[in-house]
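**Q** Got a structure for you, written out below as C-alpha cells; questions coming shortly.
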Amino acid sequence: MKQPFYQKKRRELGNLLPEKSVAVVPAGKEVASSLDDCYPFYANNNYFYLTGIREPEGLLVIQKDEGELTETLYIRKPDYDREKWIGRYITTARASEVSGIGDIRYIDDFLPDSLLRGDQLIYFDQTIPDHQKPSYAENSDDLTPFLVRLRLIKEPEEIEMMQNAISITAKGIDALCDITVPGVKEYELAALFEYMIKDGGADGTAFATIAASGQNAPILHYVENKDTVPENAMVLFDLGAKVQGYAADISRTLPAGGKFSDDAAKLYDAVLTAQELIIDAYRVGASMKDIQAYSREILWEQGLKTGLFAAGAEIDDYYYHGIGHSLGLDTHDLCLDRNLTLAPGMVITCEPGLYLAHRGMGVRIEDDILITEDGPVNLSVGIPKTIEDIERRMR
Ligand code: GLY
Ligand code: MN
Ligand code: MN
C-alpha cells in the first residue's frame, strides 16, 4: 500500500473523532517465549492500517482540535547492538516516507501526560492485549468502533491485495490436487501448500493451515495435520495466503485419489448447492443474522435429501459455526457486530459446511465475497469447486 492510502485512512479516522480528542494506536510489543527469544511479532493491524509500519513498540497519536489534526508517530530508537542480531530498525526518514507523517519521534520521548490536555478525550485502541495496555488506557474511551467503520469497507487497492492473496492461495490448492491421494500425510499436504504460497510471493499463511482428512473434517479448527489420508476419504482444506498483510480464507474439500465416492458426492453437492444459494443472499442491506438463519434452513433442506442424516438429528448436529465473517488484514477482520448489515465494499466469507462425524466425513466450501451495489462478486470464483471441475483437475 502506498503513502496516500495511510494518509487517507488517518484523515477519515480524524473526521470520525469528536472535537478535542486524541486517538492513540500502539503497534504492540514483542512477547518473550523463553529467556532470550520472542514469539514471532505481528503488529497490531490497526496500527499497520494507519501507518504501513509493522515494527514493535511504535505509537501513533492523532490529536483533533478545532477541526485540525496533528499527527505524531513514535518509533523505536536505534539500538545498533541489538540490530546486529535481529535486523535493522526502521529509521525516522523511512517511517515518514512509508506513513506520510512528518513528525516522527522516538518512543523514549513519549510522555503519557502530554495526552492529558484540559478536557481532551482519549480514545485508545482497546484491541491491544490487556497485559500490554498502559495505565492511561484504563480510563480512556475505546477507539475500536471508529476503526471498525473504516476497516469493514475495503478500498479498491485493498481488494486488489486480497485478490492477489486469493490467486496465490489458488496456486497452492492447485498443487494440492496432484498429491491428495490415500497414504499421504496431512502435514505433507499442509507443507506443500505453505511452500507454494511462499514461492508465489506471500508473506506466509493468513492462519494455521487445516488439512483434515476423513474423521478429522468435523473438527473445525483441526490444525494438528498428523494423520495419514485414508482410502476413500475426502480431505477438507481450509487455508489462505497473506499478501502484504491481507488475508485470503478459502476452503475446498477434495476426494483423495481424485474421485468422490457416491456418499461423498451427495454430501458435497448438498453443501455446494447450499453455498450457491447463500452467496446469492449476500446483498446490500441484508443482515448477517438473517443470512445465518437462512444458511441453517438451506443446509438442513439440502442435507436431508442426501439420506445421510441420522434419525432424530438436528441441523446443530451437522452445522455448528457461523456462515461467514469479514475478511481483510485479519482473517476474522475487525468487526463488533454479528448482526452486521452488508454494505458495498465489504468482503465477507461464505463458508457453509456439513460435518457427519458418525460417517467420518465433512465438507466445507468457503469463498471470499465482495459486496457490491450490483450483487455479490465471488473473488475466489476461479478455484475449482464443482465435482466435475475437481475430478477433471485431479485426473
Ligand atoms: N479459517 C478460519 C475460518 O474459516 O474462519
Ligand atoms: Mn477458512
Ligand atoms: Mn473463514
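The values are calculated or read from the model by the stated rules, or taken from the named source; none is laboratory data. Bear in mind that the values here come from a model prediction, so they are computed numbers and not experimental data. Cβ atoms come from the backbone with ideal geometry, glycine included; neighbour counts cover every protein chain shown. In case anyone asks, the SASA skips ligands and DNA or RNA and just uses the protein heavy atoms, side chains included. Shrake-Rupley method; radii C 1.70, N 1.55, O 1.52, S 1.80 Å.
**Q** Mean residue ellipticity at 222 nm from the helices of the chain, using -39,500 (n - 2.57) per DSSP H segment of n ≥ 4 over the full residue count, to the nearest 500 deg cm²/dmol?
**A** Values: 11 runs with 132 residues, N = 395.
For the chain, the value works out to -10500 deg cm²/dmol.
**Q** Could you work out the local net charge near Glu188, counting Lys and Arg as +1, Asp and Glu as -1, over the other residues with Cβ closer than 14 Å to its Cβ? All intermediate terms of the calculation are to be shown ahead of the outcome.
**A** Working: positive: Lys185, Lys226; negative: Asp178, Glu186, Glu194, Glu224, Asp227.
After counting each charged neighbour, the total is -3.
**Q** What Kirkwood Rh does the stretch 235-319 have if only Cα atoms enter the pairwise 1/r average? Answer in Å. Walk me through the intermediate numbers first.
**A** Numbers: mean 1/r = 0.0673 Å⁻¹.
Roughly 14.9 Å, rounded to one decimal.
**Q** Which shape class, rounded, prolate or oblate, goes with the stretch 334-395 when its Cα gyration tensor gives a ≥ b ≥ c as root eigenvalues, a/c under 1.5 marks rounded, and past that a/b bigger than b/c marks prolate? Mind showing how you got there, number by number?
**A** Values: a/c = 3.72, a/b = 1.46, b/c = 2.54.
Oblate, because a/c is 1.5 or more while a/b does not exceed b/c.
**Q** On to the next question. Give me the accessible area per residue for the stretch 250-364, probe 1.4 Å, as a whole number in Å². Write out the running numbers ahead of the final one.
**A** Working: 4540 Å² over 115 residues.
Per-residue accessible area for the stretch 250-364 comes out at 39 Å².
**Q** Contact order normalised by length for the stretch 18-152, with contacts defined as Cα pairs under 8 Å and 6 or more residues apart; what percent is it?
**A** Numbers: 214 pairs, mean separation 34.9, N = 135.
Reported relative contact order: 26 percent.
**Q** Right, something else. For His321, His221, what's the largest-to-smallest order of accessible area, 1.4 Å probe? Walk me through the numbers on the way to the answer.
**A** Numbers: His321 35, His221 135 Å².
Result, largest first: His221, His321.
**Q** Can you bin the chain into rounded, prolate or oblate? Criterion: square roots of the alpha carbon gyration tensor eigenvalues sorted a ≥ b ≥ c, rounded for a/c under 1.5, prolate for a/b above b/c, oblate for the rest. Display every interim value, and only then the final one.
**A** On the way: a/c = 2.39, a/b = 1.76, b/c = 1.36.
Because a/c hits 1.5 or more and a/b exceeds b/c, the chain counts as prolate.
**Q** Please report the relative contact order for the chain, taking Cα pairs under 8 Å with a sequence separation of at least 6, and give it as a percent rounded to a whole number. Before the final figure, lay out each step's value.
**A** Working: 800 pairs, mean separation 55.0, N = 395.
14 percent.
**Q** So how strong a dipole does the stretch 83-143 carry about its Cα centre when Lys and Arg Cβ are +1 and Asp and Glu Cβ are -1, to the nearest 20 debye?
**A** On the way: 6 positive and 12 negative charges, 82 e Å.
Dipole of the stretch 83-143, to the nearest 20 debye: 400 debye.
**Q** Tell me the per residue accessible area of the stretch 153-202 using a 1.4 Å probe; a whole number in Å² is fine. Working shown, then result.
**A** Details: 2240 Å² over 50 residues.
Spelled out: the 1.4 Å probe surface of the stretch 153-202, per residue, equals 45 Å².
**Q** Sorted from largest down, what three extents in whole angstroms do the Cα atoms of the stretch 4-152 have along their principal axes?
**A** That works out to 45, 32, 31 Å along the principal axes.
**Q** Here's something else I'd like to know. Just the number please: accessible area per residue for the stretch 87-146, 1.4 Å probe, all protein chains included, in Å².
**A** 60 Å²
**Q** Another question, then. Of the accessible area of the stretch 37-111, with the probe set at 1.4 angstrom, what percent is carbon plus sulfur? Walk me through the intermediate numbers first.
**A** Numbers: 2010 of 4220 Å².
Using a 1.4 Å probe with all protein chains present, the stretch 37-111 comes out at 48 percent carbon and sulfur.
**Q** Also, quick follow-up: Take the chain, connect every pair of alpha-carbon atoms lying under 10 Å apart with a spring to form a Gaussian network, then pick out the residue of Ile166, Ile219, Ile279 with the largest mean-square fluctuation.
**A** Residue with maximal mean-square fluctuation among Ile166, Ile219, Ile279: Ile219.
**Q** Give the separation of the Cα centroids, the stretch 146-180 to the stretch 225-257, in Å.
**A** 15 Å
**Q** Decide, for the stretch 170-297, between rounded, prolate and oblate: order the square roots of the alpha carbon gyration tensor eigenvalues as a ≥ b ≥ c, take rounded if a/c falls under 1.5, and otherwise choose prolate if a/b is larger than b/c, else oblate.
**A** Values: a/c = 2.11, a/b = 1.20, b/c = 1.76.
Judged from the Cα gyration tensor, the stretch 170-297 comes out oblate (a/c at least 1.5, b/c at or above a/b).
**Q** Identify the trypsin sites (Lys or Arg not before Pro) of the stretch 227-277 meeting these criteria: DSSP loop state and at most 15 other C-beta atoms within 10 Å of the C-beta.
**A** Numbers: sites: Lys242, Arg252, Lys259, Lys266; in loops: Lys259.
Of the trypsin sites (Lys or Arg not before Pro), the ones in loops of the stretch 227-277 whose Cβ has at most 15 other Cβ atoms within 10 Å are Lys259.
**Q** Continuing with this model, one more query. How about Lys9: which lysines have a C-alpha closer than 25 Å to its C-alpha, ignoring those fewer than 8 places off in the same chain?
**A** In chain and number order, the partners are Lys20, Lys29, Lys64, Lys133, Lys154, Lys242.
**Q** Ignoring any ligand, DNA or RNA, what whole percent of the accessible area of the stretch 125-226 comes from carbon and sulfur when the probe is 1.4 angstrom?
**A** On the way: 2420 of 4730 Å².
Within the stretch 125-226, the accessible surface is 51 percent carbon and sulfur.
**Q** While we're looking at this one, here's another question. When the accessible area of the stretch 243-395 is computed with all protein chains present and a 1.4 Å probe, what percentage of it is carbon and sulfur? Don't skip to the end; give the middle numbers.
**A** Working: 3040 of 6150 Å².
Carbon-and-sulfur percentage of accessible area, whole number: 49.
**Q** For the full complex of protein chains and a 1.4 angstrom probe, list Glu186, Glu83, Glu194, Glu373 by accessible area with the highest value first.
**A** The ordering from most to least exposed comes out as Glu373, Glu194, Glu83, Glu186.
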